[in-house]
Amino acid sequence: MAVIGVIDYGMGNLHSLGKSLERVAGSDRIEISFDPEKLIRCDKLVLPGVGGVLGCMNELRRLELNDLVIEASQKVPMLGVCLGMQVMLEFSEENGGVPALGLFPGEVVRFPDPPKEGTGERLKVPHMGWNRVRQVRPHPVWDGVPDDSWFYFVHSYHARPKQPEHTIGTSEYVHDFTCAIARDNLVAFQFHPEKSQGAGLRLLSNFAHWDGTV
Amino acid sequence: MLAKRVIPCLDIDRGRVVKGVKFEEIRDAGDPVEVARRYDRQGADELVFLDITASSDDRPTLFQTVEAVAREIYIPLTVGGGVRTSADVRALLKAGADKVSINTAAVHNPDFVTEAASRYGVQCIVVAIDAKRVNKKKEPPRWEIFTHGGRKTTGIEAIGWAQLMVRKGAGELLVTSMDRDGTKEGYDLELLRAIGDSVPVPVIASGGVGSLDHLVQGLQDGHADAVLAASIFHQGTYTVGEAKRFMAERGVRVREQALPAFVI
């Protein structure tokens, strides 16, 4: 029996992510914890997150979880969701500019503000709601998920990875942007699979059954 | 591209879904879990629960309801009604809500929105604005906001209020026309446009839907990002799927129903 650890650092609603993982994990156990000792022993880790990047990084450091994430990122399959994806890059321009975990080269930038009235369709920030995700590179987490499936997003900032090969999924809002990244044993989504009905559950199931190789 | 959202709204009273016209003739309309599951299967993009239970003693019942629903559905759930303190927000999020809707408490203390947004993130703070037209005929339009389920006037001008709420940290606005609520005459499109065009965050249109055309109008003429409706879905007049097909035919970008094969 494998243990999937969900890193609980007080940022956001882990209820839905936890129950979605339980739904798909089969005999695997879900461990929601902020204890680095417990988490380092997990077979897989999930890094969730909502809110601001500064609060997120501060809490990760306060709970001594940033070192855990970096250490575990070299060992076990790890999934970042929403802000949990954003902190995997090197830097975010949110909150005046915040250095992040640096698991992927690149940065996190804000969507352009909505155009003024009369300049075409108004695009609101945050980007909130259902959008299609294009699978631009094959990856085991896409298994059984049709290309261009709908996923639920809510965010004002998006990742801009330096290496194009790290982008495995894109979506379009204002412009094309990276919404899924992966390398080695790491994978991360900007959207919320736990809020995206069947397609989201399928992604989580694929992660739960993934051995971390591509 | 982002789809426009269709959001059924469920009034909850002591753990049951109820329906009524303007708080009168309230009738039992079923078990929240069953109703939520039905809308989820029909392709609802989100759900809104509005707790209309009068007594605050019944809060634990609401939390149980939210928990039971959140276990069963995998789309975003917003819960509103009687959210007054940070502890209320926390308890609802912990029970499984993805967003909370704040109305009266924001009027009493606008900084409550900031407090909640900075603690839990703007993405989970919806400010509900109940607005009523107060100008006389031939005067320029003016709406003021009402609290306590539309019974209490505040004298606060609605457009400026909407802008203030966004500055205070609202991630989304739920705009209800008190003039149209329950009338089935359609949304107050002028109100929706006035607010939607003056704020950077998404607006959910509410109050007055009686036909599928009204949904399309709210998005195309009201410039809303999402449409909320209660009675047309509860009374079984239309399913969410029928509404979406109708909207798609009229050029609205909607999320098609997920294939049942996805379900694990």
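Of all residue pairs spaced 6 or more apart or on separate chains, none has beta-carbon atoms under 6 Å together with a first member in region B:203-223 that is within 14 Å of chain A (Cβ to nearest Cβ) and open to solvent by 10 Å² or more (accessible area, probe 1.4 Å) and a second member that is assigned to a loop (DSSP other than H, G, I, E, B) and of a type in the set (S, T, N, Q). When the residues of region B:43-95 are filtered to those that are in contact with a Pro (Cβ under 8 Å, 6 or more places away or on another chain), closer than 17 Å to A:Lys19 by Cα and crowded, with 23+ Cβ neighbours inside 10 Å, the one that is farthest from the other protein chains (Cβ to nearest Cβ) is B:Thr65. Those helices (runs of 4 or more DSSP H) of region B:83-126 in which at least 2 residues are of a type in the set (Ser, Thr, Tyr) and free of Cβ contacts under 8 Å to residues at least 60 places away in the same chain, considering only elements entirely within it, cover B:111-120.
Looking at this structure, is B:Ala170 buried (at least 16 other Cβ atoms within 10 Å of the Cβ) and assigned to a loop (DSSP other than H, G, I, E, B)? The answer is yes for B:Ala170. If you filter region A:45-68 down to residues that are open to solvent by 50 Å² or more (accessible area, probe 1.4 Å) and within 14 Å of chain B (Cβ to nearest Cβ), you find that the one that is farthest from B:Gln123 (Cα to Cα) is A:Asn58.
Scanning region B:133-149 for residues that are in contact (Cβ under 8 Å) with a residue 40 or more places away in the chain and crowded, with 20+ Cβ neighbours inside 10 Å yields a single hit, B:Trp143.
Specify which of the listed residues (B:Phe63, B:Phe49) is assigned to a strand (DSSP E or B) and either touching a residue at least 40 places away in the same chain (Cβ under 8 Å) or of a type outside the set (Val, Ile, Thr) (or both). Unique residue meeting the criteria: B:Phe49. The residues on offer are B:Ile102, B:Ile159, and the sole one that is farther than 27 Å from A:Gly10 by Cβ and touching a helix residue (DSSP H, G or I) at 6+ places or on another chain (Cβ under 8 Å) is B:Ile159.
Inside region A:128-171, residues that are in a helix (DSSP H, G or I) and in contact (Cβ under 8 Å) with a residue 24 or more places away in the chain make up a count of 5. The criterion of at least 1 residues that are within 15 Å of the chain's Cα centre (by Cα) is met by the following helices (runs of 4 or more DSSP H) wholly inside region A:1-97: A:14-24, A:53-62, A:65-72, A:83-86. The selection criterion, being of a type in the set (Ser, Thr, Tyr), over 14 Å from the mean Cα position of the chain (by Cα) and more than 8 Å from chain B (Cβ to nearest Cβ), holds for A:Thr213. Here is the figure for region B:29-44: residues that are outside any helix (DSSP H, G or I) and within 16 Å of the chain's Cα centre (by Cα) total 1. Restricting region B:96-133 to residues that are in contact with a Leu (Cβ under 8 Å, 6 or more places away or on another chain) and among the small types (Gly, Ala, Ser), the residue that is farthest from the other protein chains (Cβ to nearest Cβ) is B:Ala131.
Screening B:Gly186 on (1) small (Gly, Ala, Ser); (2) closer than 25 Å to A:Ser156 by Cα; (3) without any contact (Cβ under 8 Å) to a residue 40 or more places away in the chain; (4) open to solvent by less than 10 Å² (accessible area, probe 1.4 Å) shows it passes everything except condition (2). Looking only at residues of region A:29-39 that are in contact with an Asp or Glu (Cβ under 7 Å, 6 or more places away or on another chain) and aliphatic (A, V, I, L, M), we find that the one that is farthest from A:Met88 (Cα to Cα) is A:Ile30. Given the criteria open to solvent by less than 30 Å² (accessible area, probe 1.4 Å), touching a Leu at 6+ places or on another chain (Cβ under 8 Å) and at pLDDT 95 or above, does B:Gly196 qualify? Criteria not met by B:Gly196.
The number of residues in region A:120-150 that are loosely packed, with under 12 Cβ neighbours inside 10 Å, modelled with pLDDT under 90 and within 12 Å of chain B (Cβ to nearest Cβ) comes to 1.
The values are calculated or read from the model by the stated rules, or taken from the named source; none is laboratory data. These numbers come from a predicted model, not from an experiment. Cβ atoms come from the backbone with ideal geometry, glycine included; neighbour counts cover every protein chain shown. Please note that ligands, DNA and RNA were not included when accessible areas were found on the heavy atoms of the full protein model with its side chains. Shrake-Rupley method; radii C 1.70, N 1.55, O 1.52, S 1.80 Å.
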